[in-house]
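A short worksheet on the structure shown next.
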Amino acid sequence: MSKSMSAVKQAIPAEIGGETDIVMGSSGAAPQVAAGRKVLPIVEGVVLVAALAAPLVLQDYLTVFATRVVILALFALSFDLVWGYAGIMSFGQALFFGSAGYGVALLARDLDITDIFLVLPAGTLIGLTFALLLGGFLLLGRHPSSVIFVSLGTLTGSYAADRLARGWYYLGGQNGIPSISSMTLGGYEFSEGPGFYYLVLGILIVVYLLCRFLVRSQFGLALAGLRENEQRIAFFGYKAQHLKAIIFAIGGAIAGLAGSLYAFHEGFVWPNMVGVVVSTQVVLYVLFGGSGTLIGAVIGTVIVEGVSFWLSDNYRDIWPIILGLLLLLVILFRPLGLISFVLGERERVGSFGARIKGK
Amino acid sequence: MANAFVAAFEILSFGAIIVLIVLGLGIIASMMGIFNFAQGEFVLLGAYITYLAYAKGLPIWAGMVAAPFVVGALGFVLEALIIRRFYAAPIVAMLGTYALGLIIRESVRGLIGGFYLTVPEPIGGSIDIGTMHISAWRFTIIVITLLVMAGCYLLLSRTSFGLRMRATLENPSLARASGISTPLMYGATFAFGSALAGLAGALIVPVFSLYADLGIRFLIQGFVAVMVGGVGSFIGPVAGAGVIGTLSAALPWIMAPVVADVLVFVLAIAFIKFRPQGLIAGKGV
C-alpha cells in the first residue's frame, strides 16, 4: 500500500498554515489518522497531570522556573490563536506582552497598585487596546493587506516599541523598571513558589479552555477556513478582515495577561520584553510544538525553555546554534511541529483531512 | 553653513550605507519574492571576512574584495540546499531564513564573543574643503555605492544574464520553455544578492566595528525600505532605502533621537498601508 502512504504524506500541508493538500476518502490512510483522532485529549490530560504535579516533585528553584514556563506558555497560546488558527503571522506579539508588562510595572511603581483584581485586568486591557489599534490599522481597510505586510508591520511595531522603551527615561531606558513590588490578593503577597505557580497554572487552564471552546465554535471554524483559503471564506459571506481583527485583539489580550503576570513574577521589566527577541521566541515555541492545536503551543514552550535551561549551564554558547538548527529542521521536515509525531492532521481544528471508513 | 554641509554629508553617507545593505535584500525580494531574514547575517559575514583578513595581516582591501565572492558562493550553496524548498510559501521562507540567520549569527558570536572588533579604514583621514572636514572613507562609501548601483542597473538591463534573470522573474514557465535554466537563475540571483550583502558588510565594518548583532541592526530598516520603495523592481528598493536612510539620519538633527527613530517606522508603515505598491511600482529593472 505504498500509494496510500504517500496519501498520508500529502495530507500534511507542504507549508505551515498554508494551503492544505487534502486527500479525501483515501481509506488506506486509516491507521495513522485513526490513531490520531483520540490522541489530543490524551496529550492534554498528560500535560495537565504533569503540570499539576510539578511543584510536588520539583525543587524550589525549579518551581520558580516552571512558573515562568507556564506564563510563557500562556503567551504562546496567544500567538497560536492568531497564527495557528487564523493564519496571521504576528511577528510582533511581544509588543502586547511587553507593553502590558510595562503598564502594570508603572501601576505598581507610580500608583502603588498591586491588587491582583486590578493589575491583571489592566494588563489584559492594555494588550487588548494595543492589539485593537495595531490590528485594526494593519488588517482592516479597503484593501486587504498581504500576509507579508502584516507580518512585517507587526515586526516593525514591536521593534519601534523596543527602541522607544530603550530611549525613554520614564520607562527606565536600557535598564527597564527594576524591583516591582509583589502582586497582592487582600493581605496575601504572591511571591515566587508554589502559590504563584498554581495561580498562573489556574489562569492558563481557564484561558486554555476558553480558547478551546472558541476555536471549536462556528467562529473558530471560520478562522480555520481563513487559514486554509481566505478567498473561499470571503465568498461564503464572512467578513474575513473583521474575523482576523477580532482574533488578533483576543490574542493581544491574552498576551497582555501573560505579560502582566511575567512582570510581577520576574519583578522587573526591560526593553527586550516588547522587542523582536521575545517576539521571535514565541514563534519558536509554537513552531516547535505544533501550530493550530493549542496544546502544541504549551508543549513547545516547555520543550524549548526546558532544554535551554538544561543546556544553558554547559552549552550556553552553542545552544542558540542548536536551537536554530532544530528550528530549520522542523520547518523543513515537520512543518506542523513535534506534536505531529503523535497527532494526526485531522485533529488540527478545521482541517478535515483524510476521512476514515467506518468511523 | 559649514555645519549644515557636514550634516548633509553625514546624512548622505548614512543613506548610502542603507542603500548598499538594501540592494541585495531588494533584489532577492523583487526577483524571488522572498524576504530574506538571513540577509543581515550575510552582511555580518562580509564584515567578518574583512576582519579576518585584517587580523591575519593581509591588506584590508584583500578582505573587502574576497568578502562578496565568499558570501556569494555561500549564498549559492544555501539556495540549492535549503532556500529552494521555501519558494511556494513566503511566510515559511521568512521563518526558514530567520533560522538560518540565527545559526550564522550565533556561530559568529561564538567565534568573536561579545566584543566590538575594530578594523581601520583603508582610506584614512579626512577630506578638507576649506574649513570643513569630511571623512574620506565615508566619502568612498558613497562613491562605491553609486558605482555598485550603476553596475547592478547595467547588469540587469544590458546583459544577457540580466535578461534571463528578468525573464525568470516575469514568467518562470515560459523562461524554462525558452531554454533558460530557472533553478540556476534562482541560484545565481540569490548568490548575487548575498554577494551584495557581503560587500556591504565589508565596506561598513570600519565605520560600525564588528559585533554579532551588526547585521540584524539594519535588517528591519532594510525590510521597511524595500516595502516603502516597492517590491518588483530594482529601482524601488533603492529609492526606499534612500528615503528611509536619509530620514533616519536627518530627523535626529531636529528632534529627540528616540522620537525620530519611532517616527520613521510609524511613517513608513502608514505609507505602505495606503500605498501598498510602494514608491515605485512595477516589474522589471
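Please verify whether B:VAL238 is within 14 Å of chain A (Cβ to nearest Cβ) and surrounded by 21 or more Cβ atoms within 10 Å (Cβ to Cβ), treating the condition exactly as stated.
no
Does A:GLY127 fit the bill of being over 25 Å from B:PHE35 (Cβ atoms) and crowded, with 24+ Cβ neighbours inside 10 Å?
Details: over 25 Å from B:PHE35 (Cβ atoms): yes; crowded, with 24+ Cβ neighbours inside 10 Å: yes.
So A:GLY127 passes the test.
Taking the condition of being charged (D, E, K, R) and open to solvent by less than 10 Å² (accessible area, probe 1.4 Å), how many residues in region B:1-47 meet it? Lay out the reasoning, then the answer.
Our first condition is that a residue be charged (D, E, K, R); within region B:1-47, this holds for B:10, B:41.
Next, only the ones that are open to solvent by less than 10 Å² (accessible area, probe 1.4 Å) stay: B:41.
Residues that pass the stated criteria total 1.
Do you know which residues across region B:108-134 are part of a loop (DSSP other than H, G, I, E, B), in contact with a strand residue (DSSP E or B) (Cβ under 9 Å, 6 or more places away or on another chain) and in contact (Cβ under 8 Å) with a residue 24 or more places away in the chain?
B:PHE115, B:TYR116, B:THR118, B:VAL119, B:GLU121
For residues in region A:142-185 being out of contact with any helix residue (DSSP H, G or I) (no Cβ under 7 Å at 6 or more places or on another chain) and at the interface with chain B (Cβ under 8 Å from one of its Cβ atoms), which is farthest from B:LEU219 (Cα to Cα)?
Within region A:142-185, the match that is farthest from B:LEU219 (Cα to Cα) is A:HIS143.
This table checks each residue for (1) within 23 Å of the chain's Cα centre (by Cα); (2) open to solvent by 30 Å² or more (accessible area, probe 1.4 Å).
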position	(1), (2)
A:GLN59	no, yes
A:VAL69	yes, no
A:GLY87	yes, no
A:ASP112	no, yes
A:LEU120	yes, no
A:LEU133	yes, yes
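Hey, can you tell me all the residues within region A:308-318 that are within 12 Å of chain B (Cβ to nearest Cβ) and either crowded, with 18+ Cβ neighbours inside 10 Å or of a type in the set (Gly, Ala, Ser) (or both)? Please lay out each step first, then the result.
Looking only at region A:308-318, we keep the residues that are within 12 Å of chain B (Cβ to nearest Cβ), and these are A:315-318.
Selection gives nothing.
Quick one: count up the residues across region B:249-259 that are within 11 Å of chain A (Cβ to nearest Cβ) and in contact (Cβ under 8 Å) with a residue 60 or more places away in the chain.
Adding up the residues that qualify gives 0.
State which residue is farthest from A:ASP162 (Cα to Cα) when the search covers only region B:208-226 and only residues that are within 11 Å of chain A (Cβ to nearest Cβ) and more than 14 Å from the chain's Cα centre (by Cα).
B:ALA212
Within region B:81-95, count every residue that is small (Gly, Ala, Ser) and open to solvent by 10 Å² or more (accessible area, probe 1.4 Å).
From region B:81-95, those small (Gly, Ala, Ser) are B:88-89, B:93; that's our starting set.
After this cut, where a residue has to be open to solvent by 10 Å² or more (accessible area, probe 1.4 Å) as well, the list is B:88.
Number satisfying all stated conditions: 1.
If a residue has to be free of Cβ contacts under 8 Å to residues at least 12 places away in the same chain and among the aromatic types (Phe, Trp, Tyr) to count, how many in region A:59-112 make the cut?
1
One line per residue, one yes/no per condition, for (1) open to solvent by 10 Å² or more (accessible area, probe 1.4 Å); (2) within 19 Å of A:GLY251 (Cβ to Cβ); (3) within 25 Å of the chain's Cα centre (by Cα); (4) among the charged types (D, E, K, R):
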position	(1), (2), (3), (4)
A:SER146	yes, no, yes, no
A:SER158	no, yes, yes, no
A:LEU164	yes, no, yes, no
A:SER179	yes, no, no, no
A:GLY187	yes, no, no, no
A:GLU192	yes, no, yes, yes
A:PHE196	no, no, yes, no
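Looking only at region A:249-289, which residues are within 14 Å of chain B (Cβ to nearest Cβ) and of a type outside the set (S, T, N, Q)? Quick ask: steps written out before the conclusion?
Quick first cut of region A:249-289, residues within 14 Å of chain B (Cβ to nearest Cβ) only: A:271-272, A:274-277, A:279-288.
Residues satisfying the conditions are A:PRO271, A:VAL274, A:GLY275, A:VAL276, A:VAL277, A:VAL282, A:VAL283, A:LEU284, A:TYR285, A:VAL286, A:LEU287, A:PHE288.
The values are calculated or read from the model by the stated rules, or taken from the named source; none is laboratory data. Predicted model only: the values in this text are computed from it and were never measured. All Cβ positions, even for glycine, are placed from backbone atoms using ideal geometry, and neighbour counts span all protein chains on display. Accessible surface areas use protein heavy atoms only, side chains included; no ligands, DNA or RNA. Shrake-Rupley method; radii C 1.70, N 1.55, O 1.52, S 1.80 Å.
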